[in-house]
Structures are given as structure tokens and as C-alpha cells.
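The structure appears right after this line, and notes come after that.
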Amino acid sequence: MAHGADAPEGFAAFLAANQGKGELRFLTCGSVDDGKSTLIGRLLYDSKRLFEDQLATLRADSGKYGTDGDNIDFALLVDGLQAEREQGITIDVAYRYFATERRRFIVADTPGHVQYTRNMATGASNSDLAVLLVDARAGILTQTRRHAYIASLLGIRHIVLAVNKIDLVGFDEARFSAVYDDFTAFAAPLGFRTVIAIPMSARHGDNVIERSPRTSWYKGPPLLLYLETVDVAEPHGDDRPLRLPVQWVNRPDASFRGYAGTVVSGTLRPGDRIAVARTAQEAIVARLVSFDGDRTSAVSGDAVTVTLDREIDVSRGDILAAPGNRPEVSDQIAAHIIWLADEPLLPGRSYLMKVGARTVGAAVSELKHQIDIEDTFKPLAAKTLALNDIGLANFSLAEPIAFDPYEENRATGSFILIDRFSNATVAAGLIRFGLRRATNLHWQALDVNKAVRAAALGQRPCVLWFTGLSGAGKSTVANLVEKKLNLAGRHTYLLDGDNVRHGLNRDLGFTDADRVENIRRVGEAAKLFVDAGLIVLVSFISPFRSERDMARELLEPGEFVEVYVDAPLAVAEARDAKGLYKKARAGEIRNFTGIDSPYEAPLKPELHLDAAGTEPEELADSVIAWLDRGGYLRR
């Protein structure tokens, strides 16, 4: 490097050389206390020494040219680990950055604890390679298997098996080989393209930066050399078709009409013909605009705003693609999911699915199976998924989405599930394929519809959904309301929880999953009765807000009337006409609402009835009066 007057040019050349290097994104994962953060600290600290010769001249010249030499150094690289050292636990994904003469690196330090599996999945979704650490003393653990499976599921094809703490087993080659053999035995079906095992001591630096003389039997590369040279590119390069998810659309009345997003695959140029995946509408790209001005092309990773030669229907969440190679569009999909919530997955429950910038309602229509992490990843029959379980499920969506299978495109084939009430992320999903529905099924146009039937009956159809604890008085009040309506000449039907379980829902138990399906079926049945023009009374405990809201969403605005029959648990239990609470307290009934299964009270019911201090007759009259005021009993 030049000195004196040429030093600024030398400094610029140094920066330019580092800026032009290739980049590898990898994660460290594995079980608790396998040494992930220690390994990263070792990589960051020791890789600094590789730059010392280059940086020495820059430091010497820094004072002369007003540059703070300490800022050129990597002195504080490991300070980011301080909080984790103090707490003794990695609690989130911590991204670290470092470089050598050959490559730049972004490393995701992910937690080993089971309860933070979601963070490991987050790190894996953006990585090309996984360094999977195993304590040489403990060998392969359940979390090792889980992390290997998730890495495979999320498309990682290159694994470094870091058999760490080899010093604590006396640098024993036989122990190293046994761990490697155990790993390759269970990982064979996971589809990794390369697997290399390295014996190391992250604490002492053995085989991290340089080959250790204490493992003379190991003939492979040290970790850093392997990371510098491993080829993670796809065998045939990135020849994937164009995908540009639209993240933002400017105002329709603006003079500049553009669609902003980041290209996730393929190449786009002005003059190219593009299509909206959802609608198949086509247009020609007029301009590609970025922060630096117009561009002649955009490739994967480029953020651009696209203008078109004509107006077409494009919304946030749409995907722009080549007309001859659009992604699939469907409202029924099959996907692998990693369940990330403490509360279990309940098939039939309505969640929000976020795919790119698009969010739609979604429910698991069928849980096909759960993956057995303990035994060669075989599929197991399951009705639900618990925290960190992995399964394959069919989803029914509120409206069609555009997508690619995850193995073809990570960006357009992944999603998250969101709880509607807490707004918490409850699952990560990987789309496998769309489900083909029969193409010969169509809505039949009928001349006699709901409005005609309601007019003939002289009433406004609705669902009175009575919810509350067992013993609160739901069935009593609902029965009185129906009698009063019937005497007034109104047309009604009452769906009672116990009665429905003798027929329509006789195959369902009282687990959370069965309760969800119970309410889904009753909601669909109630919708049919409303379509017939009737006033429907539904008397169900229906303990979960999600399912009551799901029933509400089946109907038009104003047709779902939530009636909260509110009696405290002590009052309901004191009544206990059927002796159910007594049996539940004795352990004779499992999953009993209010005892060992939760009840989620309505937040904003249309009617809130005080069932503890008011007679049922008076409560029924208040329901009739509310219906009359609302125009439901018109003639």
C-alpha cells in the first residue's frame, strides 16, 4: 500500500476491495450451552488478526489524514455478546458482521432453548449455510435434530457439524467419529447437499481459524477456511422467473403512478411485459425508478418503483411476474408449519396469514400429520400442534393468494400466521403446493333468495348467539325468547349445544380442537337458517372469542347478535343442575369450561345479560325489546 500522498488512494482501494467481496450468510444453531456465542466471539476476535497487516499502514497514516485509527479497527466486535454473557442465555437472533480477505460474512447467532425455536427459524430463513454445534460430551440431542430438520425445511443445503468442546473429551477421535455417524444416520433424508464435520474447541480456538495440532488425526479445513471457500450457489445459477411483490402503491390521483417493491427473483427491464399474478392483467414497464434515478434493469435484491404504460389493477401484496410464467393463485394450499405459540394450533380456528405484504384470513382445514422429531422424522397422526411442533396442514383462505412452492422461491412461498386478538405471530409456514378444487362446482343462481324469504316471513333474519358458562342460564333464556317470538308469530329455530351433539356433532369431544370444529359446524348451520329467513337462536358455551368471531364473519353485518349470559363461576357452579361441575372438580370430566378449560368472555357483545341477579323471564323480555328496537320483528 502506498504511503504519504498516496495514502488516501490506498485507503479507498482497501475499502473498495472489501466492498466487492462475495458474501455468505450463515447461522449458528444447536442445543443450549453448545458454545454458539463463544464460537462467534472467537470468529470475530481472531478474524480481526487477519487484517492486521493491511490495517497497520492505515493506522500509521490515519493521524496525518484526520482519520481515527481506532474506528478502522474491529476492537468492539465482541461487545455485542456482553448482554448475553451477563444473562447466560441467547434470547433473540443476534446478527454479527465480519470479513476476511476472501469474503464478507453475516452470521445469525440463534438461541438454543426450546422456547426460542421461532428465533432459530427466523435466522435460518435468511441463511445459506448452518453451523450446527454439538457438545462432544452430550452428542446428538432432540434440539439438534429439531434444528437440523428446520434448517432443511427452510431450504438450507449446507451444514457444518461443529463437534465443539472436543478438549473436554481429550481430543478423542473415536468420540468425534461417533457423533458424526449419529448425525449422518438421522440426517440422511433431509437432503443436505454438503455436510462437513469439524472437531473444535471454540473456547481455545482449536480448528476455528487454524488447524489445531491437538487434532492431528483431523485432515479437513478449519472452520473459517471452509466458510471462506464453500460454494453455496445453486448448481444452475439463479434462473428463477421474475417475481416482484408490490409493497406500496402511490395515490391514484397522483401524477406519478408507480408500484414499489423489491425484486426477489429474476430480472426486470424497461420495455418488458409484465402481468399481475392475481388478475392476469398485463402491461409494459415504462420506467424503473430508484433512489439514484432511472435504472436500465433490476435484479434480485434491488428495490425499485415500476411505472407502466397503462393503468391496471395493482394493489399492495400483488406480485408482478412475466406473463408466461406467473405464480400459482389459489385459496387452498398445503404447507409445512412450525408452531411457535404457547397455545396449541386449533384446526378450524380463524387466523391471519401474512404472505409478503398481503394479509388474508386463514384456517387449517385439515392437519395431515405431525413430524416426529424423535424418530427419523416419520409422520404422526395429530389433531393439534403444540409449541415447537412441526406439521403438514391444509389451509383454507378467505381469498386467493399468489405464491410459489417454498423450494422454488423462499420469498413468495413463505408466510406467518397471526393471532387475530393478540396480534402475536403463532406459526411460520412454508407452502408446498396449491390444492386443486373441483372446477365443475359453481354457485347456482336462485330466484328465491334470503331477501325474498325474509320479506315473505315479515321479519329480519339474524342469529342470536347466546354464550356463557355452563349453568349461566343460556338455554333457559333462549328457550323463553323462542317461545315469546313464536307466540308473536315469528319464525325461529333454536340450536342448543347439548341437542346438536346428539346428531350433527356426535363425533366431537370436548378438546379445544373439537370445540372449534363444534362451533364451525354450528355457525355454518346457523348461516343456512338465516338464509331461509329465520331468527336463529344458538345456545352454546362457545368459550373462544376466535370461534364466535368466525361465526360472525359468516354472516352479513347486523345478522350476528352476540348475547352474553353473564353469571360468575361461583353462581353457575352453585346452580349445577346437571352435576357437571361436581364431576369436573372430581376429575371425572376433562376439559370442562371454567375448571380446566378457559372461557373467554365477549369484549363487546350486542347484549350483556346479568344472569346472576335478574330473573330469566325479565332477561328474555329484554332480548325481545332489543330485537324490536333493531327492526328485526318488522311486519
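The values are calculated or read from the model by the stated rules, or taken from the named source; none is laboratory data. Owing to the predicted nature of the structure, the values given are computational and were not obtained by experimental measurement. Backbone-built Cβ (ideal geometry, glycine too); neighbour counts: all protein chains shown.
For LEU580, the stated conditions do not hold, so it cannot be described as crowded, with 17+ Cβ neighbours inside 10 Å and either at pLDDT 95 or above or not assigned by TED's automatic domain parsing to the domain that holds SER546 (or both).
Residues satisfying the criterion are present in the range 161-170 (criterion: on the phi > 0 side of the Ramachandran plot, modelled with pLDDT of 95 or more and among the basic types (Lys, Arg)).
Every residue, every condition in (1) under 17 Å from the mean Cα position of the chain (by Cα); (2) over 30 Å from GLY261 (Cα atoms); (3) at pLDDT below 90, yes or no:
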residue	(1), (2), (3)
ASP318	no, no, no
ALA334	yes, no, no
LEU346	yes, yes, yes
ILE373	no, yes, yes
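The single condition among (1) under 30 Å from ARG460 (Cβ atoms); (2) in contact with a Leu (Cβ under 6 Å, 6 or more places away or on another chain) that SER622 does not satisfy is (2).
Answer yes or no as to whether PHE421 is modelled with pLDDT of 85 or more and either within 30 Å of GLY533 (Cα to Cα) or among the aromatic types (Phe, Trp, Tyr) (or both). In short, no. Of all the numbered requirements in (1) on the phi > 0 side of the Ramachandran plot; (2) assigned to a strand (DSSP E or B), ILE431 misses one, and that requirement is (1). Yes or no: GLU588 modelled with pLDDT of 90 or more, over 26 Å from THR492 (Cβ atoms), surrounded by fewer than 18 Cβ atoms within 10 Å (Cβ to Cβ) and assigned by TED's automatic domain parsing to the domain that holds GLY497? For GLU588, the condition - modelled with pLDDT of 90 or more, over 26 Å from THR492 (Cβ atoms), surrounded by fewer than 18 Cβ atoms within 10 Å (Cβ to Cβ) and assigned by TED's automatic domain parsing to the domain that holds GLY497 - is not met. Consider the range 480-507 and keep the residues that are touching a residue at least 60 places away in the same chain (Cβ under 8 Å) and buried (at least 18 other Cβ atoms within 10 Å of the Cβ). The one that is nearest to ARG453 (Cα to Cα) is ARG490. As a summary of the residue check, ALA303 satisfies the conditions (1) crowded, with 17+ Cβ neighbours inside 10 Å; (2) touching a residue at least 40 places away in the same chain (Cβ under 8 Å) except for the one numbered (1).
Considering (1) closer than 23 Å to ALA625 by Cβ; (2) part of a helix (DSSP H, G or I), the lone condition that TYR493 does not fulfil carries the number (2). Take PRO199 and decide whether it is surrounded by fewer than 19 Cβ atoms within 10 Å (Cβ to Cβ), out of contact with any Asp or Glu (no Cβ under 7 Å at 6 or more places or on another chain) and on the phi < 0 side of the Ramachandran plot. So PRO199 does not fit the description; no.
Just one of the listed residues (VAL463, VAL477, VAL448) is of a type in the set (Val, Ile, Thr) and exposed (fewer than 13 other Cβ atoms within 10 Å of the Cβ), and it is VAL448. One residue is enough: does the range 409-427 have a residue meeting the conditions outside any loop (DSSP other than H, G, I, E, B) and in contact with an Asp or Glu (Cβ under 7 Å, 6 or more places away or on another chain)? Yes, that holds for at least one residue.
This table checks each residue for (1) surrounded by 18 or more Cβ atoms within 10 Å (Cβ to Cβ); (2) of a type in the set (S, T, N, Q); (3) touching a strand residue (DSSP E or B) at 6+ places or on another chain (Cβ under 6 Å); (4) farther than 30 Å from LEU387 by Cα.
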residue: LEU268; (1), (2), (3), (4): yes, no, yes, yes
residue: GLN281; (1), (2), (3), (4): no, yes, no, yes
residue: SER290; (1), (2), (3), (4): no, yes, yes, yes
residue: GLY293; (1), (2), (3), (4): no, no, no, yes
residue: ALA298; (1), (2), (3), (4): yes, no, yes, yes
residue: ALA322; (1), (2), (3), (4): no, no, no, yes
residue: ILE337; (1), (2), (3), (4): yes, no, yes, no
residue: LEU340; (1), (2), (3), (4): yes, no, yes, no
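Every condition in (1) modelled with pLDDT under 90; (2) closer than 30 Å to ALA382 by Cα holds for GLN444 except the one numbered (2). Scanning the range 378-408 for residues that are in a loop (DSSP other than H, G, I, E, B), in contact (Cβ under 8 Å) with a residue 24 or more places away in the chain and either out of contact with any helix residue (DSSP H, G or I) (no Cβ under 6 Å at 6 or more places or on another chain) or on the phi < 0 side of the Ramachandran plot (or both) yields LYS383, THR384, LEU385, ALA386, LEU387, ASP389, ASP404, PRO405, TYR406, GLU407, GLU408. For ARG520, the criteria (1) of a type outside the set (Asp, Glu); (2) surrounded by 17 or more Cβ atoms within 10 Å (Cβ to Cβ); (3) over 23 Å from LEU603 (Cβ atoms) hold in every case but one, which is (3).
Residues that are touching a residue at least 40 places away in the same chain (Cβ under 8 Å) number at least 3 in the following helices (runs of 4 or more DSSP H) confined to the range 517-635: 545-553, 569-575, 616-629.
Considering every residue within the range 93-106, establish whether at least one is in the same structural domain as GLY155 (by TED's automatic domain parsing), surrounded by 19 or more Cβ atoms within 10 Å (Cβ to Cβ), at pLDDT 75 or above and closer than 21 Å to ASP34 by Cα. Among the residues of the range 93-106, at least one is in the same structural domain as GLY155 (by TED's automatic domain parsing), surrounded by 19 or more Cβ atoms within 10 Å (Cβ to Cβ), at pLDDT 75 or above and closer than 21 Å to ASP34 by Cα, which makes the answer yes. Confirm whether TYR599 is assigned by TED's automatic domain parsing to the domain that holds VAL463, over 24 Å from THR492 (Cβ atoms) and surrounded by fewer than 21 Cβ atoms within 10 Å (Cβ to Cβ). Taking the combined requirement at face value, the residue satisfies it. The set of residues in the range 167-202 being within 19 Å of GLY112 (Cα to Cα) and in contact (Cβ under 8 Å) with a residue 40 or more places away in the chain consists of VAL179, PHE183, MET200, ALA202.
The residues of the range 322-345 that are of a type outside the set (D, E, K, R) and outside any strand (DSSP E or B), listed by number, are ALA322, PRO323, GLY324, ASN325, PRO327, LEU340, ALA341, PRO344, LEU345.
Does GLY348 meet the test of being outside the structural domain of VAL285 (by TED's automatic domain parsing), buried (at least 21 other Cβ atoms within 10 Å of the Cβ) and assigned to a loop (DSSP other than H, G, I, E, B)? Here the answer is yes, as GLY348 does meet what is asked.
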